[in-house]
């Protein structure tokens, strides 16, 4: 089938396109970069496109038909589509496939434009219609799947700066709130207001130090201090346990009092008024521990479900705990390859953060069991002394370890150490005070008093 014959046969071409994508990584990469869900004719194509995209970003190669079948096994229509794609035959070269894909995308975009324009004119918005036509013409003039792999830094200096300005204007028009705080003063001072969207932050801690507390602390204060929308994925513990812990933190009282209904009517009246003042929101999705292998595909699906419910992506995603999460490849990693699994999962999450323009915060369990080492307050967990940190440091934007000796635990204090930061100085260690009995991770006043004592 020649290019001219297949470019108007959209579905037939898509069978060929995805057959080629499963065999050749160069075509797969072009699809991942350019094929948007609304270009595709139905939900099944969209599902397959999403699975291929997640897998390719994680592994830099195409998934096999077997892997694709495994991912869609519960969707009979998608299974049938994969079988059809696998059985199709063709003689086209890569060049013809790429040319045809380019024509296909241009054709879809033009049809979308034609669908929008009449409504503008019907509403008397001729100017908007002209703007849409102008935008399409500009896009058409610049769009090519055969673009040069070289960028002339000097020659495109002004052009790229203008693109950056347009991107900033688009962000303002989208009215996305600023995401720039860890809600721990020392960390916020280091970050200096830098945008945390698209970034991946990990809090690493031995058992019992409070990694779940810091996860909820960031989620809680993002919602109540900055009006951000938070999606919290809980991979250990029940959904009720997490929701009750958040509820206790909202009122700075033990979650036990909330769980047991031991708040007075007067207190509840006051707290209800308090809740009405918060602009942000916290949604919790929990996965049962038993007989359930959770992967980054489930995280992406959860974000997609959130977008369908609320109309936009969350500003912040929290995952507690990343060590219980698998990557998109579906591969079963043995104990000798845990480090590679950590890197694969982190790379998946980093791609999700970038694609969805949100901040992802994860926790991770450190298996340091030498209490004498942990009790020496000169020691902090880093990639040089903690096996988990070795696999986490490279893909993370920030790796922050939580360190606590037995004496510090008794005094309700700990040391946070910046083991890795891509945008601000690493190596800083600072003490903070906690108040877990009231579900408070960061006691600001006591922390200030600690710094005065120093």
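Of the residues 203, 430, 441, the one with the fewest other Cβ atoms within 10 Å heads the list, and the complete ranking is 430, 441, 203.
What number, rounded to the nearest 500 deg cm²/dmol, is the helix-based mean residue ellipticity at 222 nm of the chain, given -39500 (n - 2.57) per DSSP H run of at least four residues and division by all its residues? Walk me through the intermediate numbers first.
Values: 20 runs with 239 residues, N = 454.
Result for the chain: -16500 deg cm²/dmol, rounded to the nearest 500.
Each of 425, 116, 71 was scored by other Cβ atoms within 10 Å of its Cβ. Listed from fewest to most, they are 425, 116, 71.
Averaged over residues, the count of other Cβ atoms within 10 Å places the peptides 35-43, 327-335 in the sequence 327-335, 35-43, highest first. Let me know the shape class of the stretch 65-113, please: from the alpha-carbon gyration tensor, a ≥ b ≥ c as square roots of the eigenvalues, rounded when a/c is under 1.5, otherwise prolate if a/b is greater than b/c, or oblate. Taking the square roots of the gyration eigenvalues as a ≥ b ≥ c, the stretch 65-113 is oblate. Our summary gives the chain a relative contact order of 16 percent, counting only alpha carbon pairs under 8 angstrom and 6 or more residues apart. Please report the antiparallel percentage of DSSP beta bridges with both residues in the chain, rounded to the nearest 5. Given both bridge residues lie in the chain, the antiparallel proportion sits at roughly 30 percent. Stretching residue 238 away from residue 310 to a fully extended chain increases their span by 23.5 nm, per 0.36 nm per residue minus the current alpha-carbon distance.
Is the chain rounded, prolate or oblate when judged by the Cα gyration tensor, a ≥ b ≥ c being the square roots of its eigenvalues, rounded requiring a/c under 1.5 and prolate requiring a/b larger than b/c? Cα axes put the chain in the prolate bin.
For the peptides 363-371, 442-450, the ranking by packing is 363-371, 442-450, with the highest mean count of neighbouring Cβ atoms within 10 Å listed first. Principal-axis analysis of the Cα atoms of the chain puts helix 94-122 at an angle of about 80° to the longest axis.
Principal-axis analysis of the Cα atoms of the chain puts helix 10-21 at an angle of about 60° to the longest axis. How would the stretch 1-147 be classified by its alpha-carbon gyration tensor: rounded, prolate or oblate, with rounded meaning a/c under 1.5 and the a/b versus b/c comparison settling the rest? Prolate shape, in that a/c is at least 1.5 and a/b is the bigger ratio.
Contact order for the stretch 1-147, expressed relative to its length and based on alpha carbon pairs under 8 Å spaced 6+ residues apart, stands at 28 percent. Fewest neighbouring Cβ atoms within 10 Å first, the residues 336, 323 line up as 336, 323. Protection proxy ranking, highest mean first, for peptides 135-144, 226-235, 313-322: 313-322, 226-235, 135-144, where packing is the per-residue count of other beta-carbon atoms within 10 Å, averaged. For the stretch 185-453, the share of DSSP beta bridges that are antiparallel, to the nearest 5, is 30%.
All of the numbers you see were taken from the coordinates with simple rules; none came from a lab. Note that the structure is a prediction, hence the values are computed from the model and not measured. Note that each Cβ is placed from the backbone with ideal geometry, even for glycine, and that neighbours are counted across all protein chains shown.
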